[in-house]
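In what follows, a structure is listed as structure tokens, so that the remarks can point back to it.
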Protein chains: 2
Amino acid sequence: MRTLSPADCAINTATLGFQAPIGEVIEAVARAGFGAIAPWRREVESHDVAAIARHIRDAGLAVPGYCRSTYIPAADKAGFAANVEANRRAIADAGVLGAKSFVMVVGGLPAGSKDIAAARAQVAEATGLLLRHAKSCGVRLALEPLHPVYAADRSCLSLLSEAIDMCETVEGAAADPWLGLCLDVYHLWWDPNLARDIARAWGRILGFHVCDWLVPTADVLNDRGMMGDGVIDVPRIRAMVEEAGFAGFTEVEIFSAQNWWKRPMDETLAVCAERLASAT
Amino acid sequence: MRTLSPADCAINTATLGFQAPIGEVIEAVARAGFGAIAPWRREVESHDVAAIARHIRDAGLAVPGYCRSTYIPAADKAGFAANVEANRRAIADAGVLGAKSFVMVVGGLPAGSKDIAAARAQVAEATGLLLRHAKSCGVRLALEPLHPVYAADRSCLSLLSEAIDMCETVEGAAADPWLGLCLDVYHLWWDPNLARDIARAWGRILGFHVCDWLVPTADVLNDRGMMGDGVIDVPRIRAMVEEAGFAGFTEVEIFSAQNWWKRPMDETLAVCAERLASAT
């Protein structure tokens with residue numbers, strides 16, 4: 001397996017804690033030698049999207065993914081429709097940004113609901129609705145299964161096997177290359193069926209996110225670790241993902257309110273580059 | 001499905017926060033009308049186990065499970081052997097207590113390890129070693145899969161399917177009624193394959209624990225909720241568990257440092273009885 005250089009890799013801007021305007025982030029990521037950047041909607045919406053897209057292109061950066069979907073499941077039809085519509089607008093922005101994929105963090109249970117199967121059905125329905133629009137924008141949809149700890153409030157889609165099943169069963173999407181998967185080691189590392197399921201995801205993997213699981217974890221949302229600082233065997237998972245046909249950018253996404261987000265961007269980027277080479 | 005009365009149910013003593021000596025806890029649980037109690041080793045070891053067993057019997061309480069195993073995976077053979085030996089002693093105590101089962105919370109990764117498959121192999125080996133001893137003590141071993149959020153530090157056994165596989169593959173245990181499962185709604189509620197796997201667990205279910213998943217959850221270890229206060233459809237899961245042949249005590253196990261553990265035992269027990277009837 002080749003050693004990763006920054007040019008093979010993307011920085012998800014969440015890693016830098018949203019400390020600076022997107023223009024400064026783009027410059028910092030390019031200066032550090034990375035090949036790509038994955039921005040968030042909070043940095044893009046209500047700004048001049050075309051200008052941001054131009055800035056990213058001029059900096060020589062690709063955009064593997066745009067983060068992330070509005071949560072889909074809602075307590076009523078009007079809420080569901082509003083969530084689908086919000087995603088349509090974001091997917092159009094993803095197209096303007098030249099993003100390869102739109103990252104679908106699908107949402108958990110609507111308020112008051114205990115019916116996770118119904119939430120999943122809403123996700124499948126919305127994915128089918130959004131897929132045609134995404135194609136017309138030149139953007140692929142990447143379903144990202146999240147760690148089961150977020151099943152109630154962030155993603156009713158937990159297992160990789162479940163996300164693959166959804167790819168295969170969304171209406172009209174059975175073999176559609178515009179619908180695929182985003183895999184994040186943080187969410188999947190513990191799964192006893194990981195090797196089997198990554199192999200089954202062959203050709204469907206649109207994004208690959210890396211970080212690490214710290215022991216202890218102070219906060220399951222914002223205490224993720226730098227690759228090498230935790231218990232995930234990241235190189236083993238990368239090998240499986242590449243074996244399954246993924247040839248895109250390995251993307252660093254670290255939510256770390258008490259550590260990396262407090263450091264200067266250039267320092268965090270330098271450590272990312274080092275750990276991508278030594279521990280990824 | 002029948003409405004649960006306290007006589008159908010057990011109180012796992014962790015629910016009461018270990019505020020009082022085991023003797024007082026036994027009296028409180030019996031006074032509240034429960035049919036069974038599941039004690040922890042911290043309340044039993046270094047005390048007169050036979051006297052505690054007599055007290056429980058005299059109070060008219062059954063013991064569905066004894067909590068819990070010493071974590072098994074270790075960094076070296078001596079550590080592994082010591083963990084197995086600690087479990088042998090605890091299983092002997094479980095026999096003295098008349099416990100139907102010894103609850104196996106199997107442990108996570110040994111310090112310094114990133115090899116979860118190796119940890120799982122140690123668990124399977126230890127389970128095989130302990131099974132013969134457990135039989136001789138008249139105690140069943142109940143493998144309890146824990147929520148994947150604990151995979152690193154508490155249980156490398158996460159999915160119910162994985163625990164069933166282990167029951168079927170532990171050496172000499174393929175159809176052994178002395179090896180089974182403990183199911184806890186907190187750990188399993190999110191699993192998209194839950195209905196399939198509970199059906200597959202037919203005849204293997206030795207324990208059934210209830211509580212609820214709060215949104216938000218302040219602390220994934222000690223902020224569990226009372227049945228009805230969270231997002232788990234507990235009655236639906238109980239129906240599946242009973243359909244799979246479970247006819248034992250429905251056991252309340254709530255780790256709640258900031259809420260239930262701060263209340264008087266009699267109050268918590270009264271709310272448990274009410275919620276077992278109305279929300280379980």
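The numbers here are math on the coordinates, done by the rules we state, and not lab data. All figures in this text were calculated on a predicted structure; none of them were measured in a lab. As a convention, Cβ positions derive from the backbone with ideal geometry for all residues, glycine included, and neighbour counts pool all protein chains shown.
A few points about this structure:
- Once C-alpha pairs closer than 8 Å and six or more residues apart are averaged by separation and normalised to the residue number of region A:115-175, the relative contact order reads 32 percent.
- P(r) of chain A over all Cα-Cα pairs, binned every 10 Å from zero, in whole percent: 7, 31, 38, 22, 3
- Taken as entire DSSP H runs, the helices of chain A that both span 24 Å or more between Cα atoms along their own long axis and average -0.5 or more on the Kyte-Doolittle scale are A:77-97, A:116-137.
- Neighbour counts of other Cβ atoms within 10 Å put A:Phe34, B:Phe255, A:Phe208 in the fewest-to-most order B:Phe255, A:Phe208, A:Phe34.
- Stokes-Einstein D in µm²/s, Kirkwood radius over Cα pairs - region A:82-121 at 25 °C with 0.890 mPa s viscosity: 207 µm²/s
- Which of B:Val105, B:Val252 has the fewest Cβ neighbours within 10 Å, and the rest in rising order: B:Val105, B:Val252
- Hypothetical label at A:Arg89: residues of region A:49-76 whose amide nitrogen lies under 17 Å (7 Å Cα-Cβ projection): A:49-50, A:67-72
- Calculated SAXS-style log₁₀ I(q)/I(0) at q = 0.10, 0.15, 0.19, 0.22 Å⁻¹ - region A:127-249, Debye, Cα scatterers: -0.31, -0.69, -1.05, -1.30
- Cβ-defined net charge surrounding B:Val241, 15 Å radius [Lys, Arg +1; Asp, Glu -1]: -4
- Among A:Ala111, A:Ala53, A:Ala81, the residue with the largest mean-square fluctuation in a Gaussian network model of chain A, with springs joining Cα atoms closer than 10 Å, is A:Ala111.
- Counting neighbouring Cβ atoms within 10 Å and putting the fewest first, the residues B:Asp76, A:Asp212 line up as B:Asp76, A:Asp212.
- Total charge dipole magnitude, chain B, about the Cα centre, Cβ charges on Lys, Arg, Asp, Glu only, Debye to nearest 20: 400 debye
- Of every Cα-Cα pair in region B:46-100, the percent that sits beyond 17 Å: 44 percent
- Rotationally averaged projected area of the protein assembly as shown (alpha carbon convex hull; nm²): 25.2 nm²
- Those GluC sites (Glu not before Pro) in region A:6-113 that DSSP places in a loop and that have at most 12 other beta carbons within 10 Å: A:Glu45
- For A:Ala62, the residues whose amide H sits under 5 Å from its own are A:Ala36, A:Ile37, ignoring neighbours fewer than 5 places away on the same chain, with H placed 1.01 Å from N.
- Where both bridge residues fall in chain A, DSSP classifies roughly 5% of the beta bridges as antiparallel.
- Among beta bridges from DSSP that stay inside region A:179-280, the antiparallel ones total about 20%.
- Number of Lys-Lys pairs in the protein assembly as shown with C-alpha atoms under 26 Å apart and a separation of 8 or more places or on different chains: 6.
- Qualifying GluC sites (Glu not before Pro) for region A:146-219 [loop in DSSP, other Cβ within 10 Å: at most 14]: A:Glu171
- Counting only Cβ charges, +1 for Lys and Arg and -1 for Asp and Glu, the dipole size of the protein assembly as shown around its Cα centre is about 380 debye.
- Distance histogram in 10 Å bins (all Cα pairs of region A:223-280, percent per bin): 21, 51, 24, 4
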